[in-house]
Structures are given as C-alpha cells and as structure tokens.
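Reviewing the structure listed below.
The values are calculated or read from the model by the stated rules, or taken from the named source; none is laboratory data. If you're wondering where the values come from, they're calculated on a predicted model, not measured in any experiment. Glycine gets a Cβ as well: all are built from the backbone with ideal geometry, and neighbour counts include every protein chain shown. Heavy atoms of the whole protein, side chains included, go into the accessibility calculation; ligands, DNA and RNA do not. Shrake-Rupley method; radii C 1.70, N 1.55, O 1.52, S 1.80 Å.
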Amino acid sequence: MNIWYILLTIVTLSLLILIHETGHFLTARAFGVTVREFAIGMGPKLISHKSKKNGIVYSLRAFPIGGFVTMAGEDEDSEDENALNKKPVWKRMVITAAGAAMNIILGIILMFVVVISSPRICGTTVLRFAENGALSDKSGLMIGDEILKVENARVHTASELAYEIMRNGTEPLELTVKRDSEKIILGNVTFPTIVSGGIKYGLADFNTVEEEKTVGNVLEQTYFRSISTIKMIWQGLLDLVTGRYGFDQVSGPVGVTGAVSEAAKSGTINYLYLVVVITMNLGIFNLLPLPALDGGRLLFQIIELVRRKPVKPELEGYVHFVGIILLMLLMVAVTFKDVMNLLK
C-alpha cells in the first residue's frame, strides 16, 4: 500500500476527529465551561501549547485514532463554578451531542461539493436498460417510467434508487412508477443479483435520465443523498446487530486506509463521497447509547433529566471505563482482522 495513501488516511481521520472535538470545544466555551485540554490523537504528547489567556492546553498526541476535550467537572465533582457538572443538564446534553452534530453537518457540506462537482445529476426516470442481463424490463418496467417508490421507500435520486435495489433486490420488488401522468404499481419486478464478500445484493439493470444542473436540483440532490447516506449507515449498523453482516464486514483504521486508497485512485469525487460516509458514520456511531461514547453520556443525561437528579458519578464512571476497555478490545480485534486480510 502506497505510503501517500496511508498519510492521506491519517490526515483525513485526524481532520474528522478535529471537527468532532471542535464541536464539543466550541459549545463548552459558549456555555462558559472551564476547558483544560483540547487534544487530537491519543497517547503521549508530541506537541503541546498552554494558552496564557485562558490556560487551555492544546496538544497533538502520538496515535491519530481519536481525540478529546477535557473539561472541569466532566468525570468528577468539581468546585470550579464553571465546571461542567455545575451546568444545567440541557447545556451538558448540547455539549455532548455537538461533536456528532459537527460530523454530520460536515458530511452534508461535503455532499453538496460532491453533487455540484459531479459531471451529471440523474433522477429516477428510466432511460435505457442494460444490453445484457436486464431482467426488470421483462417484469413490466418500461423506458420513461419515473420510479417513485421501491417497496415502501420513496426515492428521489438515482443513488437512492440504486441503494434500495442493492439492499432489497435479491427478491422480486414492488415498484410504484409514474407512467403517462398515471401512478402504476408493478409487482414482482426482478433484478439481477451479485455476490460480494459472501453477501448477495440486487443490481439496478438500467440507467436513468440525466438532469441539467440547477440550484434547485443541486440542493435537492444534496438533501436526499445526505438522508440516504444516513439511512444506509443506520441500516448497516442494524444489519450488524441482526447478523446480516458479519465481523468480516467491519473495518478499522487499516481497512479504512485500503478504502481511502481505492477511492483516491478512482478520483476526487469518489474520495470525497467516502469522506462523507466516514464522517457521517463517525457522527451516528458516536450517538449510539453505548458506554464511553457520546450517546452513552447522553443516555445518562436523559436519565438525569427524567429523574431530576444525576446518576452517581462513580457508577457512571465505572460504566464508561468498562465501555472503553471493550471498545479498545474491539479495535484490536478489527485491526488484526484487517491486517490479516491485507497480508492475504
């Protein structure tokens, strides 16, 4: 693997972590919380600087696999009048969620760049069928049909349409189409399938009509493609839990490096779209109600909001500590798996 692609992955992940931690940092500062350190990376400090103005330590650490913002009263009681534990629970919830929100907002901004930089914008109207292997035309789909729904999922863009067929097209699908200003439901529409990584996927066997770019459809594509990407990530996480995807489909930093390498080789737009997926994935994953993640802290804050009193800091700290250990073990296992796949 080219050293430049490894460096590109490190820079990419470091920037996404920087954006995430900046969300925590800016909201903490906005609410007047005492911030002790803003760090990018984990492990020993490589570079650090202490601000004379506010006493905050800004540091770059050895391992580019995370980052953190340390605040007074974050994991312990503090007598500092500006400590996090002295702030109302709703302010603490905003600070906790701000990192993930920044990643998702960055993903939407980059999606806009992807859409506006793409050579073409395509909708959901069938233009032509594949010359070899088309099956959907034999099931009643016709050129000129505008596909409105795949099963119960509304589709607005070609990428949404391709994703729904990929995910669900292993079995015949019900399509709702607009044909000659009339809505028609086509049952049992069959698509070709492929097997990749031991998983079966449906394959769209047609091209869709290209649209001329306008401000309206660029914004529309940005919105719906962003929503579709979030949906794809969320469904992917559910598929891991339900067993549709196995451990082999989980990637860590090594696997991400390989994906970044392939995306960068295939062009800037593909690389940017991969960054969209990674940053949104980072945001959504961090909001899961798991110990040591932002979502785990949010869960304790929601409990506090309902009970009108906080959970004992010792208990919460113990739960997060166990969560950190489990996440580190998972990271080691995933990295080992990625390295073995790379060697193969």
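Annotations for the structure displayed:
- Placing unit charges on the Cβ atoms only, positive for Lys and Arg and negative for Asp and Glu, gives the chain a dipole magnitude near 840 debye about its Cα centre.
- For the chain, the mean residue ellipticity at 222 nm estimated from helices alone is -17500 deg cm²/dmol, where every DSSP H run of n ≥ 4 contributes -39500 (n - 2.57) and the total is divided by all residues, rounded to the nearest 500.
- The relative contact order of the chain comes to 17 percent, based on Cα pairs under 8 Å that sit 6 or more residues apart.
- Given +1 at the Cβ of Lys and Arg, -1 at the Cβ of Asp and Glu and no other charges, the dipole of region 1-158 around its Cα centre is 440 debye to the nearest 20.
- Under 5 Å from the amide H of Gly66 lie the amide H atoms of Gly41, Met42, each residue being 5 or more positions distant or on a separate chain, with H modelled from the backbone and absent for Pro and chain starts.
- The residues of region 27-75 expose, per residue, 56 Å² of accessible area to a 1.4 Å probe.
- The chain: DSSP helices with Cα axial extent of at least 30 Å and average Kyte-Doolittle hydropathy no lower than -0.5: 3-30, 89-117, 215-242, 313-343
- Computed about the Cα centre, the dipole magnitude for region 48-92 is approximately 380 debye when only Lys and Arg (+1) and Asp and Glu (-1) carry charge, each at its Cβ.
- Among Ala134, Val275, Val189 - extreme Cα towards positive end, dipole of the chain, charges at beta-carbon: Val275
- As a calculated quantity, the FRET efficiency between Val215 and Ser78 at R0 = 51 Å, using C-beta atoms, amounts to about 0.55.
- Distant-in-sequence amide H partners of His156 (H built 1.01 Å from N, under 5 Å): Leu161
- Using heavy atoms of the protein chains and a probe of 1.4 Å, the accessible area assigned to Asp80 is about 50 Å².
- Stretchable slack from Glu182 to Ile199, in nm (0.36 nm times residue separation minus alpha-carbon distance): 2.5 nm
- The residues of region 114-220 have, on average, 54 Å² of accessible surface per residue, using a 1.4 Å probe with all protein chains present.
- Taking all protein chains together and a 1.4 Å probe, the residues Trp234, Trp90, Trp4 rank Trp4, Trp90, Trp234 from largest to smallest accessible area.
- Note on the chain: with neighbouring protein chains present and a 1.4 Å probe, carbon and sulfur make up 63 percent of its accessible heavy-atom surface.
- Sites Ile325 and Arg36 - FRET efficiency at Förster radius 30 Å, r taken between beta-carbons, to 0.05: 0.80
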